[in-house]
1. How big is D for the chain, in µm² s⁻¹ as a whole number, if Stokes-Einstein is applied with the Kirkwood radius of its Cα pairs at 20 °C and 1.002 mPa s?
2. What percentages make up the Cα-Cα pair-distance distribution of the range 301-357 when the bins are 5 Å wide from 0?
3. Treat the range 200-241 as a sphere of radius equal to its Kirkwood radius over Cα pairs and apply Stokes-Einstein at 25 °C in a medium of 0.890 mPa s; give the translational diffusion coefficient in µm²/s, rounded to a whole number.
4. Name the long-range amide H neighbours of Trp406: under 5 Å, sequence gap of 5 or more, or other chain; modelled H, no Pro or chain starts.
5. What Kirkwood radius, in Å to one decimal, follows from the Cα pairs of the range 21-114?
6. Tally Lys/Arg at +1 and Asp/Glu at -1 over every other residue whose Cβ is under 11 Å from the Cβ of Glu403; what's the total?
7. Go through the range 408-413 residue by residue and turn each phi into a ³J(HN,Hα) via Karplus (6.51, -1.76, 1.60, θ = phi - 60°); whole Hz please, and just put x for glycine and proline.
8. Check Asp73: other-chain or 5+ apart residues with amide H under 5 Å from its amide H, H built from backbone geometry?
Amino acid sequence: MREITQPLRTEAFLAPQWRHRYRAIQVTRGSDGAVLEVPASATITSLLDFNPQWFVDRLVQTRGAASFMVVLDLTNACTDACGMCFTMAKRKAEGLNRHADVDVVLARIGQMQRWYPDVFRLVALVGSGEPLIVPGVERLLHGVADLGLALHVYTAGKNLGRPDVRTALARGAVSVRVSLDATDEDTFRKVHQTAGLSERIEAVRRLVAARDAVSGQSQAMVGLSMVIQKANSHQIGPFASLARDVGCDFVSFHQETYGLVQGGFGETEAQRLTEDLAAAERMTDDTFTVTVPRLASRPTVFKRAATTLSDQDTLDRCFSSRHKPVIGSDYSGCCIGGSNLDFKKHSYVGPLTDEATMTTLRTVIDHGLGTALGRPARLNCDSCELAAYDRAMERILAHLDGEQEWNTRLVPFEPGVDHDAAYEVMFGSHTPSNALAVRPDGTLRTRLPLLPTDLASRNP
């Protein structure tokens, strides 16, 4: 692949040729030339579309006390009923027909932009349910764009069939990831518990066409996503080909995780899946990117429960809750509360309509979650799957403490070659809460119990 020129540090978002294309960032101090390298496992899945050069500059300038984005948990409703959905328990408990008021949400987004005008740039529609079915979503999408903010969207794709939604996304999105998980109707029905794969594939084609029709005005990258499970595990290669053939910019593969791992794989299957992922990754070229679990280092969490008490100082070290808070009909301080009711309960603040809720949200961002709550909370901070991001922020701030000049460089990766050598792809085995762990070189460990307390050591 061709060599890519480093992005300009004044640009908030990466150009498409850099997104999903770097394995680490290197931060060099101006005073002595010392270099801190932060691996992509702590950045590529957490910085999303941000340009790390721009991001590091703003991180240091604000000492981390700012919100770069907001995550919207708009609805508990969904068009599908995927068995691997790790938000289903939360959605059922709150009510599947619960929607946020898009006008209230849009007003609060504007308020956050006024709080942090120099850093607040992104609105992510990646919440519990299907974001594109919330009433008034087209008004929200255009409203975000009118504010000069960018959109990052995860969707199951059904409502991409609406021309008004496609137009809004082509206008304002930097990334749209469509979860299809299958290449044929029968597998799609097994995984999503609904019909309509061909219609969604056509909708993706039309979204790509809408994006291309405003070429030069749209930053949107469009991609497909697959969560690997028994029903679709034979389709890794064909799924990557499907994404490329419909005009997508990327395809992402993930293992089951976040408290809902059905597994059922044997040793031979796990090794075959790893080989299939490696073959798919080799499809990466100058215009199409394949991301696999061992590049992104997405943790596998077999049990997701808020069991360990975290003190206020520990809570204040959570940069995730400050940089990318989750809001919807209401707000809870812990980011994971957007997808898990247990974590939401232990950090709950209040309805989004209340000014007191927004006051607490700003305190979280400016001073930390512990300071805002004024108490310890049972949130498992020491073993949180987001800990890699938080520790990376601490390392960067410590490295640049007192510095007047620095430079951040993106380290490009070579597909199929550059991976975290210590990382293992995790597949659920035949035994519940046990994993088959396959290393990048193909060696395998079996019957490995994976507990939440293991995560901190697994995340660099």
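The values are calculated or read from the model by the stated rules, or taken from the named source; none is laboratory data. Please read these numbers as outputs of a predicted model, since none were measured by experiment. In this analysis, Cβ positions are derived from the backbone assuming ideal geometry, glycine residues included, and neighbour counts consider all displayed protein chains. Areas reflect the complete protein model, heavy atoms only, side chains present, ligands, DNA and RNA absent. Shrake-Rupley method; radii C 1.70, N 1.55, O 1.52, S 1.80 Å.
1. On the way: Rh = 22.3 Å.
The Stokes-Einstein estimate is 96 µm²/s.
2. 4, 19, 26, 27, 17, 6, 1, 0
3. Numbers: Rh = 12.2 Å.
Roughly 202 µm²/s, to the nearest whole number.
4. Here Gly30 satisfy the definition.
5. Details: mean 1/r = 0.0589 Å⁻¹.
In the range 21-114 this quantity evaluates to 17.0 Å.
6. Details: positive: Arg29; negative: Asp32, Asp401, Glu405.
Value of the local net charge: -2.
7. 3J(HN,Hα) across the range 408-413, in whole Hz: 10, 10, 8, 9, x, 10.
8. Under 5 Å from the amide H of Asp73 lie the amide H atoms of Ile327, Gly328, each far enough along the sequence or on another chain.
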